[in-house]
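Trainee: Please read through the structure below; I'll follow up with questions.
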Amino acid sequence: MRTLRLLALGWLFHFRMLSQSAFDGFLAILWPLFFATVAFFMFRSGHSVGGLGPVALGAAVMGVWTATSVSASSALQRERRLGTLELLVAAPSNLATMLLSVCLATSTIGLYCIVATLIWARLLFGIHVPVAHPVSFILGIVGIVITIGSLGFLMAVAFVRSRRAWALGAVSEYPIWLVCGFLVPITLLPGWVRPISWVLGPTWGMRAIRAGAFGGNGLPDVAMCLLLAAVYIGAGVLLLDTVLDSARKHATLSLT
Amino acid sequence: MNSLRVFFVGGLISYRALFGWLTPAVYIPALILTPIFQILLFAYIGRAAGSQGDEFYVIGNSIQYASVPCIFVMSQTIADERFFQTLGPILISPAHRVPLFLGRALPVILNALFVAAFALFAGGLILSITFSASSWMRLVPVLAVAMFSCTGLGLITGAIGLRIRETSVLSNVLVGLLLIFCGANVALSSLPHWMAEIGRALPLTHAIAAARAVTNGATLGQVQGLLGKEAALGIVYTIAGFGLIRFMERQSRLHATLERV
């Protein structure tokens, strides 16, 4: 219960803090809109047979990863720069729980982007996104926020030894957009890319959201999405313990 | 002679001092890998949309992505002096302002030129597009003019950075606007008329069109009109940026806001 309380309060605290940030809040909403706009023009000028609804939905979800990739990857580096990392590590509360709450808060910022992109698509391009199964649609969105937050948590832990973790997070932005099939069908990618997309939670989250919007059973995809989130969290916790033990032994937590 | 020294040596020293953090661990992901991923992203979106061929996106995105080093680095070259509290000593130095600030642009242009050329080479290689040696000979001056004009826009953001804190947000917004308007991924003819007109007033648009033309066999003479417009835009943006820097400098003296971060 204490863990859940810490997770919930940490999430709320960081979500409110990130919402005030020009970089993590405003830009995270605006940045995917540029790509969404380009994608709308590209599909409109092309001879693709599908409508623009799936494109608008994919472009909207791209923002969840944008909001998470850089902010979550550099979460520990940010604490280190602010001088609070040692305090967090020494605190009786579990560092993994605290870090997970930060990463989930960053992915939740992406909800703003989903709403902004769908409004943008509707008002400027006249693209209507239907919601065939509202419950499945909402579950898909919750699933993708959780799985992306969890993936961000794993990245935050994996990049803890890097002083420039933000650069590693930033470089992952386009590959995830591409490999997870947000705008491009995975079947269009080379065959060797597909297994990579299967182990990425956002792939299943996107499928679930599309099923919720355009019809189909998205619940197995939501389940897969949450299962992969659990795997990311488990791997992240194990890795964090190892990294913290090493940092304590070698006195390298601050990387100075 | 002193101005030349300030331009070349001062520009290089300031670049090295401000971007000591631009180690391979940052440079490779941010300026080598990301443009390649951007090319792949749009090439595949193009395939899914059935709009243009891969070459269109390789050329457009390799040049457009170079706006990142042009705009970000140029704006930080000036705004970060304030952050490090070194702007005051620079502005009270007797050095002439033109070489002092424009000298900082030269390493930025050279770096952006490398970023664009490498992205063009690597993106082409991955998507099986080969540019002939003669195409490369014609592309290099086109890229150089593009980087010059975009760095002029970066000079403007650098000047604005003397007044606002969030230069990285401003730079990102400009890079995003270039992505939409400069014809990197959507031909100007496919944009609404007013958007195409804005695109023609922005850096990179004419250079991207020129680059596409020279890779299709056009000579530099045949694209001199496009290159002339791009260079003229670069000069206008550079003059505007320099003028804005002087204005902001005077304002910061008047209101004692030079060191406010």
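Trainee: Taking the 0 to 90 degree range and rounding to the nearest ten, how far is the long axis of helix A:219-250 tilted relative to the main principal axis of chain A, both from C-alpha atoms?
Mentor: Computed tilt is about 30 degrees.
Trainee: Shifting gears a bit: Cα axis of helix A:201-214 to longest principal axis of chain A: angle in degrees, 0 to 90, nearest 10?
Mentor: The two axes meet at around 30 degrees.
Trainee: Turning to a different aspect of this structure: Under a Cβ-only charge scheme (Lys and Arg +1, Asp and Glu -1), can you give me the dipole magnitude of the protein assembly as shown about the Cα centre, in debye to the nearest 20?
Mentor: So the dipole magnitude of the protein assembly as shown works out to roughly 660 debye.
Trainee: A further question follows. What Cys residues in the protein assembly as shown are without a partner cysteine, judged by a Cβ distance under 4.7 Å?
Mentor: A:C103, A:C113, A:C180, A:C225, B:C182
Trainee: Most fluctuating residue of B:F121, B:F56, B:F83 in a GNM of chain B with Cα springs under 10 Å: which is it?
Mentor: Of B:F121, B:F56, B:F83, the Gaussian network model singles out B:F83 as fluctuating most.
Trainee: Continuing with this model, one more query. Computed from the mean reciprocal separation of all distinct C-alpha pairs, what Kirkwood hydrodynamic radius does the range B:118-231 have, in Å?
Mentor: It is 15.2 Å.
Trainee: Given Cα pairs under 8 Å that are at least 6 residues apart, what percent is the relative contact order of chain B?
Mentor: Relative contact order, chain B: 26 percent.
Trainee: Right, another one. Which helices pass in chain B if a helix is a full DSSP H run, must span at least 18 angstrom along its long axis by Cα, and must have mean Kyte-Doolittle hydropathy not below 0.5?
Mentor: B:34-49, B:105-126, B:133-160, B:167-181
Trainee: Output wanted: per-residue J couplings in Hz (rounded whole) for the range A:109-122, from phi through Karplus 6.51 cos²θ - 1.76 cosθ + 1.60, θ = phi - 60°, x for Gly and Pro.
Mentor: 4, x, 4, 4, 5, 4, 5, 4, 5, 5, 5, 4, 5, 6
Trainee: Now for a separate question. Name the most mobile residue of A:S172, A:S136, A:S101, meaning the one with the largest mean-square fluctuation, in a Gaussian network model of chain A with Cα contacts below 10 Å.
Mentor: In the Gaussian network model the winner is A:S172.
Since every read-out is calculated from the coordinates, none of them should be taken as a lab result. Note that this is a predicted model, so its numbers are computed, not measured. Every residue, glycine as well, gets a Cβ built from its backbone with ideal geometry; the counts of neighbours run over all protein chains shown.
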